[in-house]
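S.K.: Sharing a structure, written as structure tokens. Questions coming.
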Amino acid sequence: MSRHNIRSPLSSGGAAYMRVTPHKWFHWSSPSSQLSLRGGVLETEMGQFFRKWVVGEGLLPDNYRPEGDEVLFYANSRQRTFATAKYFSAGFLPYANVEITHRFDEDVMDPVFTPKFTKMNDKYRQQVIDEMNAMHGGPQAWMQSVQPALTMMEEVIDMAKSPAAIEGDTLHFFYDDTQIKVEKDDEPRMTGGYTLANSVADALVLQCYETESMVAFGHELTTEQWRAICGVKEVYDGLLFTAHSAAVNLAYPLVSRIREELNNEGRKFMFLCGHDSNLASIGAALRLVFPETEQALELHTPIGSKLVFEKWSNGTEEFVAINLVYQNLSELQGRLLLSWNDDDNLPSPMVLPVTVEGLTANADGLYRLTDIDARMAKAMAEYDAIEDETTDIEDKTSDDGQR
């Protein structure tokens, strides 16, 4: 289950994040929200790493060409997710003309990858809001905890000299007007000033990746300062997508699909490509514990990261390994070739184990497939138990929550 690779910011032109700095942002190599040229190169390299891994371990032959339904690539219909899957497939199966399955026209959200509420009632809505309000002391307290990062961002972008400040409408990042909306047939949404801070943090980090520099608008920033900027995004994503009661609803289509794949004896490899909100909600629904990242800016699900489910057998019983695989900062900025072992004198991507709350892995770090299946079944049953008391409304395909 992959997050797309590096993209341009979600909005362009007169976007709010452009008005709060007097500086010019990086000239993006792709239109708004689409996979960048660097993102395509990096994803091809990640596909090559997975190819070297499975061939080196004897799981697939070199220049493997799948037959029938042995391999499936399924991506959201956003350009950045489809293109990520396409580039990965070119690196992973260079001798096969892999078709990327997607269900809708370009940039129309596929409901499978849209983290939206498909069931809703007043009691359940309050449960979700209560759980969000309990996280880190509530939205205001959590946002207050990243105030030093917000102040630093104001200095980095020279907000005081920006058009927004000169015109008097935005002098500082603020969040005292923040509200979270939870409605059927829509993603959880945040309104208010904190959304601006989130979009600026997002654009800054993307610019850092693209420019191969730790300098932002003349300010040399440490890795810790960049991680603090990513912490601003972490609050936004965490509030909207990681409350368990919300996640069992938001991630239901993907949880059910992953469960189906783990029990598909004829499948050798499947690549799902979506967004960080998908990884976050899957993790919260299944009570996965993502490791804090190493050698990365983003704290839990870095750009281009993969939540990898490996199915193992000892001949009598089946097991599952769950890992987070991602390119570290030097690999992203340097567009480095990757290897699965030390023989090629090339770096390897980061591979960190993902633990499962309430389950115990064996000595090899593996979980019983029956236990993982039961955990997925439980999350799906929690969704089934939600009573739906509202009437369907028009489906929305906004890009607000999809990063």
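The values are calculated or read from the model by the stated rules, or taken from the named source; none is laboratory data. Because the structure is predicted, anything quoted here is derived from the model rather than measured. Heads up, the Cβs are rebuilt from the backbone with ideal geometry, glycines too, and the neighbour counts pull from every protein chain shown. Calculation scope for accessible area: heavy atoms of the full protein, side chains included, ligands and nucleic acids excluded. Shrake-Rupley method; radii C 1.70, N 1.55, O 1.52, S 1.80 Å.
S.K.: Restricting to region 84-120, give me the number of residues that are of a type in the set (Gly, Ala, Ser), more than 30 Å from HIS244 (Cβ to Cβ) and touching a residue at least 60 places away in the same chain (Cβ under 8 Å).
M.R.: Summing the residues that are of a type in the set (Gly, Ala, Ser), more than 30 Å from HIS244 (Cβ to Cβ) and touching a residue at least 60 places away in the same chain (Cβ under 8 Å) in region 84-120 gives 1.
S.K.: Collect the residues in region 167-191 that are in contact with a strand residue (DSSP E or B) (Cβ under 9 Å, 6 or more places away or on another chain) and under 21 Å from ALA228 (Cβ atoms), keeping them in residue-number order.
M.R.: Residues satisfying the conditions are THR178, MET190.
S.K.: Inspect region 40-51 for any residue being among the aliphatic types (A, V, I, L, M) and not in a helix (DSSP H, G or I) and give the result as yes or no. Break it down stepwise before answering.
M.R.: As a first pass, look at region 40-51 and keep what is among the aliphatic types (A, V, I, L, M): 41-42, 46.
Subsequent filtering for residues that are not in a helix (DSSP H, G or I) retains none.
Within region 40-51, not a single residue is among the aliphatic types (A, V, I, L, M) and not in a helix (DSSP H, G or I).
S.K.: Might you let me know whether region 318-330 holds any residue that is assigned to a loop (DSSP other than H, G, I, E, B) and not polar (S, T, N, Q)?
M.R.: no
S.K.: Of the residues ARG267, ARG257, ARG227, only one is in a loop (DSSP other than H, G, I, E, B) and of a type outside the set (Val, Ile, Thr); which?
M.R.: Just a single option satisfies the conditions, and that option is ARG267.
S.K.: Restricting attention to region 280-292, report how many residues are open to solvent by 10 Å² or more (accessible area, probe 1.4 Å), not basic (Lys, Arg) and not in a helix (DSSP H, G or I).
M.R.: Within region 280-292, residues that are open to solvent by 10 Å² or more (accessible area, probe 1.4 Å), not basic (Lys, Arg) and not in a helix (DSSP H, G or I) number 5.
S.K.: Provide a single number: the residues in region 129-163 that are under 24 Å from the mean Cα position of the chain (by Cα) and among the β-branched types (Val, Ile, Thr).
M.R.: Qualifying residue count, region 129-163: 2.
S.K.: Also, I was wondering about something else. Kindly indicate whether SER29 is in contact with a helix residue (DSSP H, G or I) (Cβ under 7 Å, 6 or more places away or on another chain), over 21 Å from LYS161 (Cβ atoms) and assigned to a loop (DSSP other than H, G, I, E, B).
M.R.: Yes.
S.K.: Residues that are touching a strand residue (DSSP E or B) at 6+ places or on another chain (Cβ under 9 Å) and within 16 Å of LYS306 (Cβ to Cβ): does region 27-40 have at least one?
M.R.: yes
S.K.: Looking at SER36, SER89, which is the one that is crowded, with 20+ Cβ neighbours inside 10 Å and closer than 26 Å to ARG267 by Cβ?
M.R.: Working: SER36 fails: closer than 26 Å to ARG267 by Cβ.
Result: SER89 is the single residue among SER36, SER89 that is crowded, with 20+ Cβ neighbours inside 10 Å and closer than 26 Å to ARG267 by Cβ.
S.K.: Looking only at region 174-183, count every residue that is surrounded by fewer than 19 Cβ atoms within 10 Å (Cβ to Cβ) and either touching a residue at least 40 places away in the same chain (Cβ under 8 Å) or among the charged types (D, E, K, R) (or both) and tell me the total.
M.R.: Summing the residues that are surrounded by fewer than 19 Cβ atoms within 10 Å (Cβ to Cβ) and either touching a residue at least 40 places away in the same chain (Cβ under 8 Å) or among the charged types (D, E, K, R) (or both) in region 174-183 gives 5.
S.K.: While we're on this one: If CYS273 satisfies every condition in (1) open to solvent by less than 10 Å² (accessible area, probe 1.4 Å); (2) assigned to a helix (DSSP H, G or I) but one, which is the exception?
M.R.: Of (1) open to solvent by less than 10 Å² (accessible area, probe 1.4 Å); (2) assigned to a helix (DSSP H, G or I), only one is false for CYS273: (2).
S.K.: Filter region 87-128 for residues that are assigned to a helix (DSSP H, G or I), of a type outside the set (D, E, K, R) and over 24 Å from the mean Cα position of the chain (by Cα) and give the result. Talk me through it step by step, then tell me what you get.
M.R.: Just the residues of region 87-128 that are assigned to a helix (DSSP H, G or I), to begin with: 87-92, 122-128.
Then keep just the ones that are of a type outside the set (D, E, K, R); that gives 87-92, 124, 126-128.
Hits for region 87-128 are TYR124, GLN126, GLN127.
S.K.: Looking at region 199-251, which of the residues that are touching a Lys or Arg at 6+ places or on another chain (Cβ under 9 Å) and of a type in the set (D, E, K, R) is most open to solvent (accessible area, probe 1.4 Å)?
M.R.: GLU212
S.K.: Please tell me if LEU196 is closer than 26 Å to ILE6 by Cβ, open to solvent by less than 20 Å² (accessible area, probe 1.4 Å), outside any loop (DSSP other than H, G, I, E, B) and at pLDDT 95 or above.
M.R.: no
S.K.: Only residues in region 153-173 that are open to solvent by 90 Å² or more (accessible area, probe 1.4 Å) count as the first member; pair them with residues that are of a type outside the set (A, V, I, L, M, F, W, C) and part of a loop (DSSP other than H, G, I, E, B), Cβ under 7 angstrom, at least 6 apart or cross-chain, and list the lot.
M.R.: Qualifying pairs under 7 Å: LYS161/PRO22.
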